[in-house]
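Since the structure comes first, as structure tokens, the remarks are kept for the end.
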Amino acid sequence: AMLDPDRGLSLTIARVVQRLQGSSLHSQLERQARISLHKPEIKLESLKEDIKDFLKTSGWEKKLQNAVYSELNVFPSPCHPPAPPEHIKEPLAYMRKAQGSWEKRILKSLNSMCTELNIPLAQKRPVNEQKELLNKWNEMGTDEPDLSLFRPVYAPKDFLEVLMNLRNPNYENGEQPSFRNHLGLIQVPLKVKDIPELKEDFSELGLNIGQLGIDDSAQVPPEFFENEHVRVGQKVLAEQDSAAAQQYVRQGCPTALRADLWALILNVSNEPEDILYYEQLKSNVIQHDLLVDSLIYKDVKLTASNDDYYFVFEDYLYQVLLCFSRDTSVLEHFTYSSATPPKSYIQGKLGMEEYAVFYPPNVNYNSFILSVAPLCFLYHEPSKLYQIFREMYVRFFFRLHSISSHPSGIVSLCLLFETLLQTYLPQLFYHLREIGAQPLRISFKWMVRAFSGYLATDQLLLLWDRILGYNSLEILAVLAAAVFAFRAVNLMEVTSLAAAEAVLADLSTLKVMPLLQIFLFATVT
């Protein structure tokens, strides 16, 4: 239920003001306003207007605009003011319930690992261990602890099983007329878009619009487009306007400008207080030993050793993920996420709040690692890399690990993928289904990891440009369907799930943008 626009707007304004009030930006603006009082151009009779003009010309107004824009991008638009907080988290009760029992299952798995291995979820490190960790902070990869007893808390296929068993209790089987003919694995009736709607949403990817990542566009010679696009990009950066940057990256980011453009869109500035915050997280890692540290360690070792690309970033991956597991500011996003953070206490301090440790809600570090690793290509300064990852997580990636009805949530993405295939490639869809190779069984891991670890890095970054540009993860489902469309001829010949997986085993040679364009704008609808 939506409320009238004016009421909605005033609620939104009130929320943004409340969120910004305690921020460092707020105190900086106050300080600047006070400093400006000593300037000759500020007159007493027009004080308010003069201070506004000063904040505008000195660039502070832009900073405020970007902060407001950032808030609007992250938080959902308000529904009825009396709506209880759990509705803001997730409006559908059966989704909330499913997410709750999934979290219990993860926590149970963590707890039973503690009991088996006889180690606590959290404990203080002895001083000598603290010193040792501090000394090798930048080369944690050289360590070879024995982690054979630790096991991953869950694999993507366990999560897929949970999503396949979701049902809306309001519908008895077969009672949902429009949905009865959906033959995929996901059996919940959520509204997803069709190709005409996606075309409209992703209009900047159209065939006659210049794109980075398309080498042979008939309309625009690529080198002409690129030079012009770089020039515009430099202008966007000079303007320091988040909204303009977000619009700009829909056509792709020039490599040299990407790090700065993404930081501008995510409103990450790496001010001294941000660096200090990162250092505080680091000291928390050094003082406390959490069970998840060993899980992070094990996953990084596995991921980095299996992937030459990411091997070089091994030390960065430890730093970012260990700090992330201590970051309580991430908890804010649970007000609009269907997830609830699990809590545990440092050994011997049960129930004492100051000893509570919030566990990151999704202990699938393998997916985390794959979402940090590509960022290592762009950011080489740990505190900035950390902030960018944290923003990417609270805006986008958390949706891939929690059960919700949000259009960018993993349930909707799975349903969108299956619906696109069933509607636009029915022969292929029925063939794969007949031979026991449901397409989602293959594409699920791509989507849950936002294609990281599957595409070549330059292609992955072009894809993530568009996630940031459209503030949506729907493009992951579109790309997954486009990959099946691209390999359709080979897939029509396979007779088993294993053979279908073999056809789709290597995506590292794929070019993302042509695939998306052809699927969206050249498919017969």
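The values are calculated or read from the model by the stated rules, or taken from the named source; none is laboratory data. Remember, it's a predicted structure, so these values are computed and weren't measured experimentally. Glycine also receives a Cβ, built like all others from the backbone with ideal geometry; neighbour counts cover every protein chain displayed. All accessible areas refer to the heavy atoms of the entire protein, side chains included, with ligands and DNA or RNA removed. Shrake-Rupley method; radii C 1.70, N 1.55, O 1.52, S 1.80 Å.
Scanning segment 279-338 for residues that are of a type in the set (D, E, K, R) and modelled with pLDDT under 75 yields Asp307, Asp308, Glu332. Taken as a whole, the condition of being of a type outside the set (Gly, Ala, Ser), surrounded by 18 or more Cβ atoms within 10 Å (Cβ to Cβ) and touching an Asp or Glu at 6+ places or on another chain (Cβ under 6 Å) applies to Val249. Filtering segment 14-66 to residues that are over 18 Å from Ser242 (Cα atoms) and in contact (Cβ under 8 Å) with a residue 60 or more places away in the chain leaves Arg15, Ser24. If the condition is being open to solvent by less than 10 Å² (accessible area, probe 1.4 Å), in a helix (DSSP H, G or I) and either over 26 Å from Lys193 (Cα atoms) or in contact (Cβ under 8 Å) with a residue 40 or more places away in the chain (or both), then segment 480-505 contributes Ala480, Ala481, Val483, Phe484, Leu491, Ala500. Every condition in (1) under 24 Å from the mean Cα position of the chain (by Cα); (2) surrounded by fewer than 16 Cβ atoms within 10 Å (Cβ to Cβ); (3) basic (Lys, Arg) is met by Arg231 except one, and the failing one is (1).
Selection of first residues in segment 149-169 that are within 19 Å of Lys298 (Cβ to Cβ) and in contact (Cβ under 8 Å) with a residue 60 or more places away in the chain and of second residues that are surrounded by fewer than 19 Cβ atoms within 10 Å (Cβ to Cβ) and among the hydroxyl-bearing types (Ser, Thr, Tyr), restricted to Cβ pairs under 6 Å at least 6 apart or on distinct chains, gives the following pairs, ordered by first then second residue: Phe150/Ser294; Val153/Ser109. Scanning segment 119-146 for residues that are more than 16 Å from Leu322 (Cα to Cα), outside any helix (DSSP H, G or I) and modelled with pLDDT of 85 or more yields a total of 1. One residue stands out among those in segment 9-48 that are of a type in the set (Lys, Arg) and assigned to a helix (DSSP H, G or I): the one that is surrounded by the most Cβ atoms within 10 Å (Cβ to Cβ), which is Arg19. Please go through segment 302-319 and give me each residue that is open to solvent by 40 Å² or more (accessible area, probe 1.4 Å) and within 24 Å of Lys124 (Cα to Cα), ordered by number. Across segment 302-319, the qualifying residues are Asp315, Tyr316.
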